[in-house]
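As structure tokens, the structure follows; a few thoughts come after it.
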Amino acid sequence: MKIKTLHILTSRSWGGLESYALEFIHQHRETLDSTLFCYPQSKVHLKAKELNISCAHSLWPLLKNQWNLTITHYRADLWRSWLLSSVFKKTQKTIYHLMMGAGSTKKGFYHKFTYGHLSAVVSSSHKVVEEAQNNFPLLPHRIYYLPYGRNLDHFLQDHSVTAEKLRKSTGAHSNILVFGTACRLDRQKGVIELAKALEILSESERNQIQIWIIGQPTIQKSDGSHVTYESNSLTVVRELELLQEKFPKQLFLIPHQKDLAPYYVAMDIFVLATYNETYSLAVIEAMASGRPILGTNSGGTIEQVQPPKHGVLVTPKSSQSLAEGIRFFLRLPKNQRLSIGENAKKWALKTHSWHNNKQIFYQILKEIGL
């Protein structure tokens with residue numbers, strides 16, 4: 001019998017957190033009888049409809065039902081989870097699916113009110129699990145490691161023909177190393193520092209590489225027909241455009257892509273220049289595509305990229321350090337680079353399959369009494 005589950009996600013943005021939450025709901029449909037509470041006509045709502053996920057937009061009708069489980073995917077929604085479980089007694093068990101950092105939450109009254117009703121917290125990062133165990137007003141055994149699941153079959157297919165066309169479109173011949181990233185165009189993602197690494201490299205070094213930055217500004221609000229982007233993110237885009245004018249043969253700004261698989265294959269190295277990423281889904285995908293990683297030595301990236309086996313880690317917020325990372329791969333023989341990519345691929349496939357995720361999640365459900 002399926003577990004009657006209410007998922008809460010009222011974010012109006014669209015990024016890794018939101019897309020993964022929907023994929024999680026979709027992948028667990030055989031065990032969870034799920035309804036998603038979200039804002040009408042938000043990007044989350046529109047994407048949920050594409051996946052045939054049942055949606056609700058008001059809490060009051062939901063109070064007619066009794067829920068075996070509530071899963072909150074967004075920190076700002078924890079009060080809604082508290083209302084359902086503690087005030088209206090409509091939820092048997094509650095889980096917070098923590099996809100960002102745990103932060104420096106204190107164990108005072110407010111946070112006991114916010115987090116104390118939870119049956120469990122789950123996170124894909126060992127580091128975040130440890131932070132939550134230290135900072136959240138919950139017993140440590142109620143905070144679990146749950147590795148991200150990812151459907152990686154698509155990234156194992158042959159995308160070489162499309163990838164070659166992509167390289168030709170930017171003039172990236174076989175002797176050019178393409179360093180690519182895919183993310184929201186947000187300052188915290190380190191895209192400005194990555195682009196400015198071109199200013200540090202010599203002309204000879206620049207002529208051996210291209211940098212592809214794939215993504216769009218951070219969405220502030222979407223009502224289905226009109227999208228509003230965050231002003232700070234638009235400022236980042238303008239800065240990148242100025243740098244592109246300065247380095248037209250080396251820096252390429254590519255719009256957000258629904259299917260990144262051919263782009264990963266077209267890249268030689270995937271870059272995660274973020275200041276402090278909790279745990280990157282794009283890195284998992286790039287590794288499954290056999291790409292070495294140039295990442296920053298912060299957050300969950302340290303768990304994903306084990307140098308030199310999977311790539312190299314550099315100092316965050318530093319164009320100089322990113323330039324040194326680029327030089328590392330420029331000096332590296334091709335056979336060694338390909339070997340690093342193969343190691344990364346094996347690790348991603350072993351650790352982040354949906355089968356692995358489901359097995360661990362079902363065990364967590366048993367431990368909390370479902």
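Can you go through Glu245, Glu230, Glu241 and tell me which one is out of contact with any helix residue (DSSP H, G or I) (no Cβ under 9 Å at 6 or more places or on another chain) and either among the aromatic types (Phe, Trp, Tyr) or without any contact (Cβ under 8 Å) to a residue 12 or more places away in the chain (or both)?
Unique residue meeting the criteria: Glu245.
Only one of (1) in contact with a helix residue (DSSP H, G or I) (Cβ under 7 Å, 6 or more places away or on another chain); (2) modelled with pLDDT of 95 or more; (3) more than 15 Å from Val178 (Cα to Cα) fails for Glu277. Which number is that?
(2) is the only condition that Glu277 fails.
Give just the number: which of (1) in contact with an Asp or Glu (Cβ under 8 Å, 6 or more places away or on another chain); (2) modelled with pLDDT of 95 or more; (3) outside any helix (DSSP H, G or I); (4) not small (Gly, Ala, Ser) does Gln220 not satisfy?
That leaves (2) as the condition not met.
Any chance you could count how many residues in the range 290-343 are within 22 Å of the chain's Cα centre (by Cα), surrounded by fewer than 23 Cβ atoms within 10 Å (Cβ to Cβ) and polar (S, T, N, Q)?
Of the residues in that region, 6 qualify.
Filter the helices (runs of 4 or more DSSP H) completely within the range 277-370 down to those with at least 1 residues that are farther than 24 Å from Ile143 by Cβ.
281-288, 319-331, 334-351
Looking at the range 31-106, what helices (runs of 4 or more DSSP H) fall wholly within it and have at least 1 residues that are surrounded by 18 or more Cβ atoms within 10 Å (Cβ to Cβ) and without any contact (Cβ under 8 Å) to a residue 40 or more places away in the chain? Step through it out loud before you land on a result.
On the way: elements: 43-50, 59-62, 78-82.
Correct list: 43-50, 78-82.
Counting only residues that are exposed (fewer than 14 other Cβ atoms within 10 Å of the Cβ) and basic (Lys, Arg), which one in the range 150-186 is farthest from the chain's Cα centre (by Cα)?
Looking at residues that are exposed (fewer than 14 other Cβ atoms within 10 Å of the Cβ) and basic (Lys, Arg), I get Lys168.
The values are calculated or read from the model by the stated rules, or taken from the named source; none is laboratory data. Owing to the predicted nature of the structure, the values given are computational and were not obtained by experimental measurement. Here Cβ is always computed from backbone atoms with ideal geometry, including for glycine, and neighbour counts include all displayed protein chains.
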